[in-house]
1. Check the range 3-10 and report whether any residue there is modelled with pLDDT of 75 or more and surrounded by 11 or more Cβ atoms within 10 Å (Cβ to Cβ).
2. Which of the residues that make up the range 33-51 are in contact with a helix residue (DSSP H, G or I) (Cβ under 6 Å, 6 or more places away or on another chain) and modelled with pLDDT of 90 or more?
3. Looking at (1) exposed (fewer than 15 other Cβ atoms within 10 Å of the Cβ); (2) assigned to a helix (DSSP H, G or I), which is the one condition that is false for residue 177?
4. Exactly one condition in (1) modelled with pLDDT of 80 or more; (2) part of a loop (DSSP other than H, G, I, E, B) is false for residue 312; which is it?
5. In the range 265-297, which residues are modelled with pLDDT of 75 or more and in a loop (DSSP other than H, G, I, E, B)?
6. Inside the range 85-114, can you point out the residues that are in a loop (DSSP other than H, G, I, E, B), modelled with pLDDT under 75 and either surrounded by 10 or more Cβ atoms within 10 Å (Cβ to Cβ) or more than 56 Å from the chain's Cα centre (by Cα) (or both)?
């Protein structure tokens, strides 16, 4: 197509052409960043390598690789300028010319073809037209679209029915057998419809109502009557105590749910009383076991001879005389004197038969 206008600034012209180049995404990003810094008066750009890496979000070595690729394809010319520590980039505008493609859209259409669309520019509707110039001064429209298809009929409305596939929903309805409960259920359904709720609750809400009735030790019909009397769409046991004024309750209270009778637990038979003879036998057996555990007592002990350590001999002598001696002191004195504690006790018993 003929250009309607021309771009005077070289940076804008090169930026527009760079978008149509077939380059890797990273190399195209670096090229656009260099064009962004292009100086039209000098005909070059001189951003630093660190600035290019920071703006493109790439590493310096990655930016250097993309610059090498652009230089190899003839898009960039890299040089050094006196007084500048960074590179100077010159862009070959001739290398930015894109190759013609069949998928460029409206730019590849012939000049004689004009697209006409309804208001809004929507070509997807049934009224879109394609007109061609037939050599005359006027333009004759030619409709190439098929006649519009008849509109699809709306889906038929299905009457809202509340299926109850869950056992909790079925149990909810089965728990209201009496006519009074059925009348309360119909009144409660009208309350729910007035508040924009379904006529019957779902399975989870049914299970919750059953649990509330069991926690209050009341029947489900009593709960439904309370909701119908107070215009409640749902039920909470706390509302019975937190409402001011208190809620209205049914005059005839249904009998509370009777719990299953508990089976009596079997009682253990009482043990027969212990006789005095059995107590004496038990004590004799305990004494025999104690003597067996302690071992046989020696009948004769060697005489206790002084060891030569004054404090140990004094403690052992005091124990033999029957005086009160600490267990730890006697044990330590016997270990020093190398005397058995049984021998000391036997000597004390022989010397003091009255104790």
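1. yes
2. 33, the sole residue that qualifies.
3. With (1) exposed (fewer than 15 other Cβ atoms within 10 Å of the Cβ); (2) assigned to a helix (DSSP H, G or I) applied to residue 177, the lone miss is (2).
4. (2)
5. 265, 266, 267, 268, 269, 270, 271, 272, 273, 274, 275
6. Taking the range 85-114 first, the residues in a loop (DSSP other than H, G, I, E, B) are 85-86, 92, 97-104, 109-112.
Checking the rest, the ones that are also modelled with pLDDT under 75 come to 97-104, 109-112.
The answer is 97, 98, 101, 104, 109, 110, 111, 112.
The values are calculated or read from the model by the stated rules, or taken from the named source; none is laboratory data. For clarity, every value in this text was computed on a predicted model and none was experimentally measured. Neighbour counts are summed over all protein chains in view; Cβ atoms, including those assigned to glycine, are modelled from backbone coordinates with ideal geometry.
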